[in-house]
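What follows is a short report on a single structure.
What follows draws every value from the coordinates through simple rules; no lab data is involved. Quantities reported herein were computed from a predicted structural model and do not represent experimental measurements. Cβ: placed from backbone, ideal geometry, glycine included. Neighbour counts: every protein chain shown.
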Amino acid sequence: MYHIAICDDSREYISYIKSMLDEAKGDKNIDFKIYEFMSGEELVLNLDREIDYDLLILDMQLGGMDGDEAAEIFRKKFPYAVLAFCSGVHLPTIKSFKATPFRYLLKRQTRQELVETIKEILDEVEKNSKEPTITAHYRWTTQRIKIDNVLYIENSKRGGRVVVCAKCDEAKYEEKLLVDEKPERLLEKYEQYGFALAQSTYLVNMNHIEILHVEDFVFDTGEVMKIARAYQKSFRDAFIKRFANKYS
């Protein structure tokens, strides 16, 4: 089930977009739930609900909070959602591009042209949904973290704490991303993506290892982590297997 938000100050245009989403979907075996907002303020006020949006179709010209400002706030909360701007005459600005929109829907386009563009947008939503992620908690919100951006998961009092790359989007959460299970319990779930236990309390993403020694290794960030003696053989074997498969 995909969660799609449409924000436009015209109910008629929202209905028009909804009908084109149904048409663009065609025979694809996908379901979506649509959330309608009539202003940027209304959209932003509803971003704290427990909904993980996959797509936002946003009018650039809104009364009050404009599309650029609403997009900036939306993007901070949903860095991997697909964003599509729609506009009649408003041209994109530098601020618009910072929100990384996938497509622009022009209201003067023909219905068929819009349907074709929306097909591309839905294809991108599907592609996004297949990228592996870890669901974590940040304060009172739920966040979807790209597995490629995770360095390791370490023990915390009630589960695990996710540590991410310093330059990725998730770094803004100040290393307060928590998961419900301990690293040892998570191994079976994430082993297929290149994770292995360096200690009973540390589940490591081997894709970020730059140098491997017998007793420790170096991340591509320069951080050094010890490998517990009981895990040295299994960790080395997992590392060799991972990269033998990757480059075979």
Gyration tensor (Cα only) of segment 1-120 to equivalent ellipsoid, semi-axes in Å sorted down, yields 20, 17, 13
Sticking with the crude label model, points 7 Å out along Cα→Cβ, report the distance from S15 to A166 in nm, one decimal please. 5.5
More than 14 angstrom separation, counting every C-alpha pair in segment 97-160; what % is that? 73
Calculate how steeply helix 232-247 sits against the longest principal axis of the alpha-carbon atoms of the chain, using the helix alpha-carbon long axis, and give the answer as 0 to 90 degrees to the nearest 10. 50
The chain, convex hull of Cα, quarter of hull surface, nm² -> 15.6
Cβ-derived FRET efficiency at R0 41 Å, R158 paired with I94, nearest 0.05: 0.45
Translational D in µm²/s for segment 141-211 (Stokes-Einstein at 37 °C, 0.692 mPa s, Kirkwood Rh from C-alpha pairs): 270
Rounded tilt (10° steps) of 111-130 against the dominant C-alpha axis of the chain: 20
Mind pulling up the Rg/Rh value for segment 77-188? Radius of gyration and Kirkwood radius, both on Cα. 1.11
For the chain, what does the helix formula give at 222 nm: sum of -39500 (n - 2.57) over DSSP H segments with n ≥ 4, over the residue count, nearest 500 deg cm²/dmol? -10000 deg cm²/dmol
Amide H neighbours of L55 under 5 Å, at least 5 residues apart or on other chains, H built in the peptide plane: list them. H3, A5, V82
Please list the non-local residues whose amide H lies under 5 Å from the amide H of L105, H modeled 1.01 Å from N, same-chain partners needing a gap of 5 or more. F85, C86, S87
